[in-house]
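First comes the structure, then the notes that go with it.
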Amino acid sequence: MNIQNSELILNQDGSIYHLNLRPEHIANDIIFVGDQDRVDKITKHFDKIEFSTQKREFKTTTGYYKGKRLSVISTGIGPDNIDIVINELDALVNIDLETRALKEEHTALNIVRIGTSGSLQKDIPVDSFLISTHSLDINGMLHAYQINEISHPDIEEAFTKHTNWSSKKADPIIIANSQELEDKLSSNETFKGITATAGGFYGPQGRVLRLPLQDPDINKKIDSFNFNGNRITNLEMETSAIYGLSKLLGHNALSMNAILANRANGTFSAEPGKIVAELIEYTLDKLVE
């Protein structure tokens, strides 16, 4: 059965609706960044630029780094944007856009996020690199899909009990990364842990300006959670959506985090641009090894 026009929306030039891309525009190895300005900070290291486009906050550049074809895409902020980006990327490689039929042969993308984050643990300092072994979805976006095969009920139930999680909120979901990509990008320089993905920056991450929180102790509960030695190490807004949708669609995903803040001791990096630049170079070199 072919996918209807209202479900798979294409622009007049045949490109996918939000990303403004056609299949030939992307590599199988893709780097995600949140900030569109960070795309150029990565691609300035490329040997050759093949293609570049931008629509809204979604900027894509494809080129070569040390002979390896890579695409860099800015996703903007939040799990809702990730829902757009990953579904449209998957459509580019696994749906024939002319016939609107699923391709017989599945193509798996390798997706690495280079992002910034705040540490929740005192022993994970600012200016460090952190790999997300799992992500804890506390934003609810993935509940729109059938997630039973990718969730981890034992950890989720332990977290729900530990935090006295409100039944009015979406049930937490734990999703693992791509072990293959973790092995490829790990080193003695990287910390590892569970990354919590919130649906907002202020209240959903426990920040208080003028609005009181549903649970004023939620950050302390998240910080103190431990399941068989696995801790929640940092908090951001994209990783669970990247991991969940990638697992469901048969892609590989890994989140690399530059730790700019330590929420446990109230510190912030004196040179945030420097640590992000170092993570970019680290990730690029690991991808071509």
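Data overview
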quantity	calculated
Solvent-accessible ranking of ASP80, ASP90, largest area first, probe 1.4 Å	ASP80, ASP90
Candidates GLU189, GLU50, GLU278, ranked by Gaussian network fluctuation over the chain, Cα under 10 Å, top entry	GLU189
Under 21 Å from LYS169, Cα to Cα: lysines that are on another chain or at least 8 residues apart	LYS161, LYS220, LYS221
Cα gyration tensor shape for region 79-194, rounded if a/c is under 1.5, else prolate or oblate	oblate
Net charge of Cβ neighbours under 13 Å - reference THR197; Lys, Arg +1; Asp, Glu -1	-4
Cα gyration tensor category, rounded, prolate or oblate, for region 239-289 with a/c compared to 1.5	oblate
Gaussian network model of the chain, Cα within-10 Å springs - most flexible of SER119, SER187, SER240	SER187
On Cα atoms only, tilt of 79-94 relative to the major axis of the chain in degrees	30
Of LYS68/LYS184; LYS41/LYS66; LYS122/LYS168; LYS59/LYS103, pairs whose Cα-Cα distance is over 19 Å	LYS122/LYS168; LYS59/LYS103
Considering only the chain, percent of DSSP beta bridges that pair antiparallel, nearest 5	50
CD proxy at 222 nm, helix term only [per DSSP H run n ≥ 4: -39500 (n - 2.57); per residue of the chain; nearest 500]	-8000 deg cm²/dmol
Within region 37-115: Cβ-based charge dipole about Cα centre, in debye rounded to nearest 20 (Lys, Arg +1; Asp, Glu -1)	500
Accessible-area composition of region 18-67, carbon plus sulfur, in percent [1.4 Å probe]	40
Sorted largest first, extent of region 1-151 alpha carbons per principal axis (Å)	53, 43, 28
Per residue accessible area in Å² of the chain, where ligands, DNA and RNA are left out and the probe is 1.4 Å	48
Region 35-81 and region 193-255: distance between their alpha carbon centers, rounded to Å	25
Overall form of region 14-56 per C-alpha gyration tensor (a/c, 1.5; a/b vs b/c)	oblate
Cα pair count fraction exceeding 36 Å, expressed as % - the chain	15
Choice from GLY76, GLY229, GLY273 with maximal GNM fluctuation in the chain (Cα, 10 Å cutoff)	GLY229
Sequence ranges 2-10, 153-161, ranked by mean other-Cβ count within 10 angstrom, highest first	153-161, 2-10
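The values are calculated or read from the model by the stated rules, or taken from the named source; none is laboratory data. Keep in mind the model is a prediction, meaning the values are calculated, not measured. Because the Cβ atoms are built from the backbone with ideal geometry, glycine has one as well, and the counts that use them run over all protein chains shown. Surface accessibility is based on the protein's heavy atoms, side chains included, excluding ligands, DNA and RNA. Shrake-Rupley method; radii C 1.70, N 1.55, O 1.52, S 1.80 Å.
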